[in-house]
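Notes for the one structure printed next.
The values are calculated or read from the model by the stated rules, or taken from the named source; none is laboratory data. Computed from a prediction, not measured in an experiment: that's the story for all the values here. Glycine also receives a Cβ, built like all others from the backbone with ideal geometry; neighbour counts cover every protein chain displayed. Heavy atoms of the whole protein, side chains included, go into the accessibility calculation; ligands, DNA and RNA do not. Shrake-Rupley method; radii C 1.70, N 1.55, O 1.52, S 1.80 Å.
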Amino acid sequence: MASTLMPPGIEKNPQLLQWLFFNATDPITLHSGKVELGQGVEIALQQIACDALGIDPDQLQFEGGNTLFGPDEGQTAGSQSIDQGGSAVRMACLFARDLFMAQAVKELAVAAEHIALARGVFSSTLTQHTCSYWSLADRVNLAQAIKTSNTNPPRRWVGQSVQRPDFMHKLSRTGFIHDVVLSGMLHARMIRGPVGESTIDFVDSQAISELPGISHVVHSRDFLAVIGPDEASLVGSLKKVRSLVKFSLPHPLPIVADIEELMLGLAGESKTVHEHGTIKAPIMAYQARFSRPYIAHASIGPSCALAHFVDGRMSVWSHTQGVFPLRADLAKALCLDLDAVQVFHMHGAGCYGHNGADDVAFDAAFISFQLGFPIRVQWMREDEMTASPLGAPSLVDIQAGVDSAGRISQWHLSVWSHSHLNRPGGGAGVNLLGAWQVEGGPEKPVPADLPLPAGGGHRNAIALYDFAHQQVDYCFIPNAPFRTSALRSLGSFVNLFAIESFMDEMAEKLEVDALDFRLKHLSDPRAVAVLEQLAAVSDWRQQGEPDGLHGMGLGFGRYKNSAGYCAVAALIRVDQNVTVEKVWAVVDVGLVVNPDGLINQIEGGIVQSLSWTLKEQVKWDQDGITSRTWEAYPIIPFSEIPAIEVHVMDRPDCPSLGSGEVAAGPVPAAVANALYRAIGIRARHLPLTIERVTQLVWDAQ
């Protein structure tokens, strides 16, 4: 049984040499299985390591996501990079510090309590001699299991807004995987149909190979790629290439009016996944349904990967969330020994979830496997919108009743959704689009979902509030019209939207202030604190009467009911559009490692959630996905980003909690509740486009 004191990363990677490397001259190297995806984790982990080792950031270099040297920490996902990844880094570095301190005691002939450590140098007032990590590097054995340390050095770097080291590289056009050039590299583009899993009925490979810019064509059943030495020439021929290929859909697509009709029309199995308390007969009962559509990742930078197969060994450069899971699936798909495949993480476009990074890595690897050249594959915009896994749609039904004291006595939430977890490395199968398409490739695995307590489609479906009775049912629908997988916050986004919208509805029917109604049902002091702080910073209790134009609403949640707390208030204006004018957020994520990084995370989460709330939805017809361009799939533009005010409740004596996804769920509820405050219309189905809101107004008349 695993020790409760041992971080999962250390349990899986117990050797110190898997985490740290020292030599006589260079900066200390910190290896981590967590990778930089734009969330600022790289500098935060370095700050933790610097405090534990007694060094400064300029004396440390970070290497995240390297299957050749680093630890296997699975995926960088689930808002676990600091609470789990950071704990592992700290434990490894403290143990290393103890080992070097023991050697310094021998070198200096001074007891440990009389030795100071600063900038990696061990010194004492009892001797003129000093030693350092670098001078002792060849005398300390790192090939040993990490043990718990009793050392607790003071914090110097944790809690400081240290600048991220990747900014200058990214601003100088050298920081992204898209900028990498391998010697002798060829460029490749994928040719896929109107959905990622389309099948090829006909292709004129000979005619394609004769087009300008194309030196090679790789075609294997439903996998088709064109390759050439000049990227611009290659891209210039793509329109003609597509005219020489005919596709079919893998199955007919359902044409339905809305997500509710779609979800209720698909076969699934419903189970009660949570129930507690005793049912008490309510004096009043309420019911409502909420939904969200399919959502695309829609990163502004498209997916990209490089690969080189030479001398029986495959090297892949990828912006994947998990280098080890990707490596495992690549090895299985290409029928190579695991040791013959190495994956190296590189920075890509901002990523929260399972986007096209893993699929494009297979594309590059398979093409290089066939041709033997270094290959760079970059997806086009339509690939990104049609071939990447999508965020799954969900339908949420809530039925609740209140007792004579105005408290919720019965709460029953049901949610319908597809899989939110079809990543590589998840089981015996292979979760790579291209691998399913090549001749003789593996079958697509049967979709599954994450069980509670983390949950997939039912993440955050259990309300944090104190209800006399609460029941949650989950209807998992395995067969989806489109491929779905992890997208930032998984089911938490829609479940918190539904819960927090419904709490507002009940408060309004009971003629109780929405904030007071929430506080009445909360016993968690940290939850109460973030809501009360939100009320103070947003002047919640000083709101005037509705003017038919403006409204303020709030939303609250604790991500996964175990990570960070976040309360959000939104001020909106409704005229020809639904405009969010200002957003306030109060967060409690325990000990804050990098305040500026945390604020960036919350701001980014708010912006992305606003985009989902107001604009984003995948559209299709009988021929395939139609939302393939920015015009057909708009995201929130810079001109519509509101003023955002983030307040952090730092708790330095509490463990760090996950923060990357805490804002996603509270935001849509805050906006929808503000909409009701402004114009008296309840909007329960996302996105809240002006067309949908206008229709709701007409329906209410």
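Here are the numbers for this structure:
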item	result
Residues whose placed amide H lies under 5 Å from that of S394, excluding near-sequence neighbours	R292
Under-5 Å amide H pairs with F344, H placed in peptide plane, nonlocal only	V316, W317, S318
Integer Hz, Karplus 6.51/-1.76/1.60 couplings in order for segment 165-179, x for Gly and Pro	x, 8, 4, 5, 5, 5, 6, 9, 6, 10, x, 10, 4, 5, 8
Computed label-point distance, nm, for sites T174 and A116 using a 7 Å Cα→Cβ extension	3.7 nm
Estimated 222 nm signal from helices in the chain, with DSSP H stretches of n ≥ 4 weighted -39500 (n - 2.57), rounded to 500	-8000 deg cm²/dmol
Of K170/K332; K509/K560; K280/K520; K332/K560; K34/K582, those spanning more than 22 Å from alpha-carbon to alpha-carbon	K170/K332; K509/K560; K332/K560; K34/K582
Fraction of accessible area attributable to carbon and sulfur, the chain (%, probe 1.4 Å)	53 percent
Of the DSSP H helices in the chain, those whose Cα atoms cover at least 24 Å axially and whose Kyte score averages 0.0 or more	87-108, 492-509, 595-614
Area of K280 that stays accessible when all protein chains are in place (1.4 Å probe, Å², to 10)	110 Å²
Nearby aspartates and glutamates by direct alpha-carbon distance to K619 (threshold 16 angstrom, same-chain neighbours under 8 apart not counted)	D258, E260, E261, E382, D383, E384, E631, E691
Area accessible to solvent at T689, 1.4 Å probe radius, in Å²	30 Å²
Centroid-to-centroid separation of segment 636-684 and segment 79-94 [C-alpha atoms, Å]	27 Å
Distance in nm between pseudo-label sites at Q543 and D596 (7 Å out along the Cβ direction from Cα)	3.5 nm
18 Å Cα-Cα reach of K147 towards lysines, excluding residues that sit fewer than 8 places from it in its own chain	K12
Length gained when the stretch R242-A288 is fully extended (0.36 nm per residue, less Cα-Cα span)	12.0 nm
In nm, spacing of pseudo-spin labels at A340 and Q144 (7 Å Cα→C-beta vector)	3.9 nm
Those aspartates and glutamates that a straight Cα-Cα span of less than 15 Å connects to K246, excepting residues fewer than 8 apart in one chain	E197, D201, D204, D222, D623
Modelled FRET efficiency - R0 30 Å, D621 with D204, Cβ distances, 0.05 increments	0.70
FRET efficiency, 1/(1 + (r/R0)^6) with R0 51 Å, evaluated for A405 and R221 via beta carbons	0.20
Per residue value of the accessible surface for segment 554-658 (all protein chains in place, 1.4 Å probe), Å²	37 Å²
Largest to smallest accessible area among W584, W698, W317 [probe 1.4 Å]	W698, W317, W584
Accessible surface of W416 - all protein chains present, 1.4 Å probe, nearest 10 Å²	50 Å²
Ranking by accessible area, most exposed first, for W436, W630 with a 1.4 Å probe	W630, W436
Where segment 387-509 is the region considered: accessible area per residue in Å², 1.4 Å probe	25 Å²
Accessible area, probe 1.4 Å, largest first, for residues F223, F69	F69, F223
For a label point 7 Å along the Cα-to-beta-carbon line of D56, residues of segment 119-160 with backbone N under 14 Å	119-121, 156-157
For R221, distant residues with modelled amide H under 5 Å away	E439
